[in-house]
Each structure stands twice: as C-alpha cells, then as structure tokens.
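First comes the structure, then the notes that go with it.
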Amino acid sequence: MATLVLGFESSCDETGVALVAFEGTQTPRLLAHALHSQVALHADYGGVVPELASRDHIRHALPLTREVLARAGRQLQDVDVVAYTQGPGLAGALLVGAGVACALAAALERPVMGVHHLEGHLLSPFLGEAAPAFPFVALLVSGGHTQLMRVDGVGRYALLGETVDDAAGEAFDKSAKLLGLAYPGGPALARLADFGDPDAYELPRPLLHSHDLNFSFSGLKTAVLTQVRRFDGVPCDQPRADLAASTQAAIVDVLVRKSRQALEQTGLRRLVVAGGVGANQHLRTELARACAALGAQVHYPDLVFCTDNGAMIAMAAALRMQAGVEEPRRDYAFEVRPRWPLDTV
Ligand code: KG4
Ligand code: ZN
C-alpha cells in the first residue's frame, strides 16, 4: 500500500499544496499539486509584506487542499502523513502552514513532519522524470539563499559555500527595482536583458577570484544605482536594456564560475540547480556550456517546480521517510524556524 503525503509550503509569497505517494524503494510520485501566487498582492509595495502574506496563506491553504484532493481523486481520510515547511522563511507565513498542517493532522490522527524549505528545493528534481543519482553538487539560488552544497544522499548535506550578503535572487530583484521594473524583478530583468548588450557596462563580480566557494552580491546594486542615476533624462530605453543584460551577465558569471569550481573541488560530475533563479535562461545556457566542458551533467527541476511550491515539500518528506532518515511525529505542538541552516537538518 502506498503512503500518501500531503505537503504545505507557506514560507514566503506562494501558498503551495501537493499530494505525493511512495511505496517501497520506488521514487515517490506526485499525484497532484496546486499553487496560489501572491505576486499581485505585493506588487504595489515593491516587495513581500509579511503580514499580508500570512493572511493570504490563511485564505488559500484549505481551498488549495480541496483542489489537490479533487485532482488526485482522493479524500482527506486517505492522507497518511502531513508535511509542512518549518523554515527558513517569514515567521508569520511559516506559522500559518505549520498551524494548518498540524491541525489537519491532529483531526485526522495522522503524523506530521516539518520540512526544511531548501531541502525541498534541493530534492525538487526528483519530481521530474530523470532524477539525479547521488552524490551531486547542488547550487541553491533563490530570493533568500545562494549556496553550494555537497549532497551525498537524502539528509546528507555539507555546505561548500554561500553568499556573505545578498542572495542571487535578491540581486536580481534589487537591480530590477532600480531599473524601474515591477516586483518580482528577476523574471522582468531577464526579459529586458534579452534586448540588451551584456558587455555594455562593466559591473563588479566580487569574490570571483577568491579561492573559496562564497558569493557576494551586495556591491552590484550600488554599481547599478550609479549607472541608473546617469540615465536621468535619457530618452531611450536601450541603456536600461544594456544595464539589465550586464547585470544578469555579472550574476550568472559568478554563479557559473563557482559552480564549476565546486565540481572541480569535489570531483563530482553532477550538478543540481534549484530555487527560483534556476528558471533563468541565461544561467541555464552558461551552465550547460561550463558543465559540458567538464563532462558534467546539469539537472533542473521542471520549470514550475523551480520557484516555491508544495510538491517539493511533500517530496522531501516522502524521501526522508523512505530513506529512513526521519519518522513523522505524532506530537502536534509546533514551532517554526525562520532561520535554519540546511546542513543541520
Ligand atoms: O525559490 P524562490 O521562488 O523563492 C525563495 O525561496 O526565495 O525564488 C524567488 C527568486 C526571486 O528573487 C525571483 O526574482 C527569482 O527567484 N527568479 C528569477 C527568475 N525567476 C525567478 N531570477 C532571474 N531570472 C528568472 N527567470
Ligand atoms: Zn524557495
């Protein structure tokens, strides 16, 4: 009999719910998932407003659960385990998901499991057809995190390097805002970059030649701001497109260089790219080129699972149970962990 895991994601500005089934040693299967994005809700503010995010998660968690169960042709009583994002993320938003998940689990008398959001991203390629084999290097690039990890198996994560200041997604978003683009800026900046010359502006690539695997992106926004100020009164859009392309090139250049260095240092030849910035086409093209030169393979989750979603949370819980790394618990008291290093899970 398959075990059914219902998963909730609510760490930031997407409410995600999904149902995953696993049996024996077969890779868990996604039965259904549903997502509500809060992008429109936060757009007027130019970024996520935590209190509005929490309230919106409350509004959507149960309707999305009904939608997922209907799509999978299952009842709430069929659920064996309830999983939720325990952290890292916005405290209030996390509390909503944890509260709903633990209340449902208590009512159904089923066990619960709190999942690390980045472990969800890390294992999201398992939602697709061609799951990578362990061990691999993972590049986690989201709005809040930029990390290189060595992954030896489910629950076996070692940090190789991370950002010392802004995350890659944050660098995209902040630069986009300076360019007058709407939130969330990453995809908008990438679209504008298509019309620009990536060599037009020489932007900083901090730590590019440092011998460690750390990143730094905070200097980039200052450089972008300096250029944007020079555009005042410039009637044409080309300089903005050029600056967008140059910014994207600077971020991608550093991500690719450090990923290649991580593969070289570990001797591994598989790279998994996860998190919202993994949706960036220029990053994908450049990583493909760099990895081909090394004889390494790059794995991505399907595009819909690059950004936050419930499927990766249900999948991570299923994989943890299947691997015997963690048993779900029957105690429904919960706490969330807004800050939580992945290598301590
Ligand atoms: O993983 P994610 O959905 O949420 C977090 O956990 O942070 O990542 C969101 C981040 C945002 O910074 C967003 O601008 C960025 O991913 N992003 C992109 C693209 N799509 C999403 N950045 C660059 N190019 C994209 N196509
Ligand atoms: Zn995320």
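The values are calculated or read from the model by the stated rules, or taken from the named source; none is laboratory data. Worth saying up front: this structure is predicted, and the values here are computed from it rather than measured. Cβ: placed from backbone, ideal geometry, glycine included. Neighbour counts: every protein chain shown.
Tabulated results
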item	result
Glu286 being surrounded by fewer than 17 Cβ atoms within 10 Å (Cβ to Cβ) and either farther than 30 Å from Asp194 by Cα or within 14 Å of ligand 1 (Cβ to nearest atom) (or both)	no
Candidates Leu243, Leu225, filtered to the one that is within 16 Å of ligand 1 (Cβ to nearest atom), part of a helix (DSSP H, G or I) and aliphatic (A, V, I, L, M)	Leu243
Residue match in the stretch 203-219 (condition: away from ligand 2 (no atom under 16 Å from the Cβ), at pLDDT 95 or above, more than 30 Å from Leu35 (Cα to Cα) and assigned to a strand (DSSP E or B))	yes
Qualifying residue in the stretch 159-167 (condition: touching a Lys or Arg at 6+ places or on another chain (Cβ under 8 Å), part of a loop (DSSP other than H, G, I, E, B) and farther than 13 Å from Leu243 by Cα)	yes
Single residue of Ala107, Ala93, Ala101, Ala83 found to be surrounded by 24 or more Cβ atoms within 10 Å (Cβ to Cβ), in the same structural domain as Met321 (by TED's automatic domain parsing) and out of contact with any helix residue (DSSP H, G or I) (no Cβ under 8 Å at 6 or more places or on another chain)	Ala101
Failed condition for His282, given (1) part of a helix (DSSP H, G or I); (2) more than 16 Å from ligand 2 (Cβ to nearest atom); (3) touching a helix residue (DSSP H, G or I) at 6+ places or on another chain (Cβ under 8 Å); (4) under 20 Å from Val151 (Cα atoms)	(4)
Checklist (1) more than 16 Å from ligand 2 (Cβ to nearest atom); (2) over 17 Å from the mean Cα position of the chain (by Cα); (3) not polar (S, T, N, Q) applied to Ile251, failing item	(2)
Near pairs, Cβ below 8 angstrom, 6+ apart or cross-chain, from the stretch 139-164 (in the same structural domain as Leu208 (by TED's automatic domain parsing) and under 16 Å from Leu268 (Cβ atoms)) to any residue that is within 16 Å of ligand 1 (Cβ to nearest atom) and charged (D, E, K, R)	Gln147/Glu162; Leu148/Glu162; Tyr157/Glu119
Qualifying positions in the stretch 88-104 - in contact with a Leu (Cβ under 9 Å, 6 or more places away or on another chain) and either within 14 Å of ligand 1 (Cβ to nearest atom) or of a type outside the set (Val, Ile, Thr) (or both)	Pro88, Ala101, Leu104
Any chance Arg229 is over 27 Å from Leu41 (Cα atoms), outside the structural domain of Leu319 (by TED's automatic domain parsing), over 25 Å from the mean Cα position of the chain (by Cα) and more than 16 Å from ligand 2 (Cβ to nearest atom)	yes
Output for the stretch 1-40, where each listed residue is free of Cβ contacts under 8 Å to residues at least 24 places away in the same chain and closer than 19 Å to Gly276 by Cβ	Ala40
Top-ranked residue of the stretch 168-186 - restricted to ones that are assigned to a loop (DSSP other than H, G, I, E, B) and surrounded by fewer than 24 Cβ atoms within 10 Å (Cβ to Cβ), ranked as modelled with the lowest pLDDT	Tyr183
Residue satisfying condition, being touching a residue at least 24 places away in the same chain (Cβ under 8 Å) and on the phi > 0 side of the Ramachandran plot, within set Gly89, Gly128	Gly89
Subset of the stretch 260-286 (residues that are more than 17 Å from the chain's Cα centre (by Cα) and touching a residue at least 40 places away in the same chain (Cβ under 8 Å))	Gln261, Ala262, Leu263, Gln265, Thr266, Leu268, Arg270, His282
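Rundown of residues vs (1) more than 17 Å from the chain's Cα centre (by Cα); (2) among the small types (Gly, Ala, Ser), yes/no style:
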{"position": "Val96", "(1), (2)": "yes, no"}
{"position": "Ala101", "(1), (2)": "yes, yes"}
{"position": "Leu108", "(1), (2)": "yes, no"}
{"position": "His116", "(1), (2)": "no, no"}
{"position": "Leu127", "(1), (2)": "no, no"}
{"position": "Phe134", "(1), (2)": "yes, no"}
{"position": "Ser142", "(1), (2)": "no, yes"}
{"position": "Thr146", "(1), (2)": "no, no"}
{"position": "Ala158", "(1), (2)": "yes, yes"}
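Each row is one residue, and each column tells you yes or no for (1) among the small types (Gly, Ala, Ser); (2) assigned by TED's automatic domain parsing to the domain that holds Ala316; (3) surrounded by 18 or more Cβ atoms within 10 Å (Cβ to Cβ).
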site: Val234; (1), (2), (3): no, no, no
site: Asp242; (1), (2), (3): no, no, yes
site: Ser246; (1), (2), (3): yes, no, yes
site: Ala250; (1), (2), (3): yes, no, yes
site: Leu255; (1), (2), (3): no, no, yes
site: Lys258; (1), (2), (3): no, no, yes
site: Gln265; (1), (2), (3): no, no, no
site: Gly275; (1), (2), (3): yes, no, yes
